[in-house]
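All remarks here apply to the structure that follows.
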Amino acid sequence: MLSPPQLRLLGQFRLECDAQPVELCRSGQRLLAFVALRRRVSRTVLAGTLWPEVTEDHARGSLRTALWKLPRGDQPLIRCSGDSLAAATALRVDVHAFTETALGVLQGRGPALTAQLPQGLLGGDDLLPGWDEEWVLLERDRLRQLRLHALDALAEALVREGRPALALEAAWESVRTEPLRESAHRAAVSAHLAEGNLMEAVRHYHSFRRLLREELGVEPSAQFARMLSRHGVTASWADDAGVTTR
């Protein structure tokens, strides 16, 4: 039985058909990536996006050539229907699997929390690194924000489930991705507090506060500071540790 074609867009572009890598030219890669991300797109939009610096007729000609160069097998990668193009239903795209996982976490309908975190959220690669087209940059930023929000939500859910160690892993992944993101640091402090490690929470807050001052010249939010004060951190103790809880 033939395996469905697999398209990797998170990280370096990689296409596999029948479990074997398939090489595509540059235009073929961009054509397949764009259609796979959009699922369905008109020829006019596709040609104008991929070949923006030429006339419409020239762009449509380049599109026809790129389509002709795609692998032709029992499972076509792109289906043509009138003026629209759609990714084959059999094509498995990692971006869609990642999006489903992240949205599941955000909507509270993700997989049951186990000893492992949802695949794809930890150590995830950016969309097509090195590609600098505007449509790639926009989609890359969207997926990055989705991942960060999902990690924050996952950390909060794990704290509520009484799994602070896993919550801390999710929070740190978000911190590594965006060191100045306060919600990620709040999630880390929440995990420390859930474990009863008050001093670790104070140290983490102080470290983030120092980073924020150095990079942006601002203080953490009052909401963040109140997380510590609600756990009995007095102003004098916080000041001794280099933390202000106002």
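The values are calculated or read from the model by the stated rules, or taken from the named source; none is laboratory data. Quick caveat: nothing in here was measured; it's all calculated off a predicted structure. All Cβ positions, even for glycine, are placed from backbone atoms using ideal geometry, and neighbour counts span all protein chains on display. The protein model used for the area step is the full one, side chains on, heavy atoms only, and it has no ligands, DNA or RNA in it. Shrake-Rupley method; radii C 1.70, N 1.55, O 1.52, S 1.80 Å.
Okay, here's what the table says:
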item	result
Flag for Phe224 being surrounded by fewer than 20 Cβ atoms within 10 Å (Cβ to Cβ), in contact with a helix residue (DSSP H, G or I) (Cβ under 7 Å, 6 or more places away or on another chain) and over 22 Å from Leu117 (Cα atoms)	yes
Matching residues, region 145-174, being in contact with a helix residue (DSSP H, G or I) (Cβ under 8 Å, 6 or more places away or on another chain) and not in a helix (DSSP H, G or I)	Gly162
Failed condition for Leu146, given (1) touching a strand residue (DSSP E or B) at 6+ places or on another chain (Cβ under 9 Å); (2) open to solvent by less than 30 Å² (accessible area, probe 1.4 Å)	(1)
Leading residue by the ranking (farthest from the chain's Cα centre (by Cα)) among those in region 62-84 that are more than 17 Å from Ser27 (Cβ to Cβ) and of a type in the set (S, T, N, Q)	Ser81
Residue match in region 154-176 (condition: modelled with pLDDT of 90 or more, within 11 Å of the chain's Cα centre (by Cα), surrounded by fewer than 20 Cβ atoms within 10 Å (Cβ to Cβ) and acidic (Asp, Glu))	no
Checklist (1) loosely packed, with under 13 Cβ neighbours inside 10 Å; (2) part of a helix (DSSP H, G or I) applied to Gln119, failing item	(2)
For Ala87: the one exception among (1) open to solvent by 60 Å² or more (accessible area, probe 1.4 Å); (2) farther than 20 Å from Pro129 by Cβ; (3) under 27 Å from the mean Cα position of the chain (by Cα)	(1)
Restricting region 10-61 to residues that are among the basic types (Lys, Arg) and under 22 Å from the mean Cα position of the chain (by Cα), the residue that is surrounded by the fewest Cβ atoms within 10 Å (Cβ to Cβ)	Arg40
His96 vs. criteria at pLDDT 95 or above, outside any strand (DSSP E or B) and either aromatic (Phe, Trp, Tyr) or loosely packed, with under 13 Cβ neighbours inside 10 Å (or both)	no
Test: residue in region 123-139 that is touching a residue at least 60 places away in the same chain (Cβ under 8 Å), open to solvent by 20 Å² or more (accessible area, probe 1.4 Å), hydrophobic (A, V, I, L, M, F, W, C) and outside any loop (DSSP other than H, G, I, E, B)	yes
Residue match in region 70-87 (condition: in contact with a helix residue (DSSP H, G or I) (Cβ under 7 Å, 6 or more places away or on another chain) and of a type in the set (Lys, Arg))	no
Odd one out for Leu113, checked against (1) at pLDDT 95 or above; (2) farther than 13 Å from Phe34 by Cβ; (3) open to solvent by less than 70 Å² (accessible area, probe 1.4 Å)	(1)
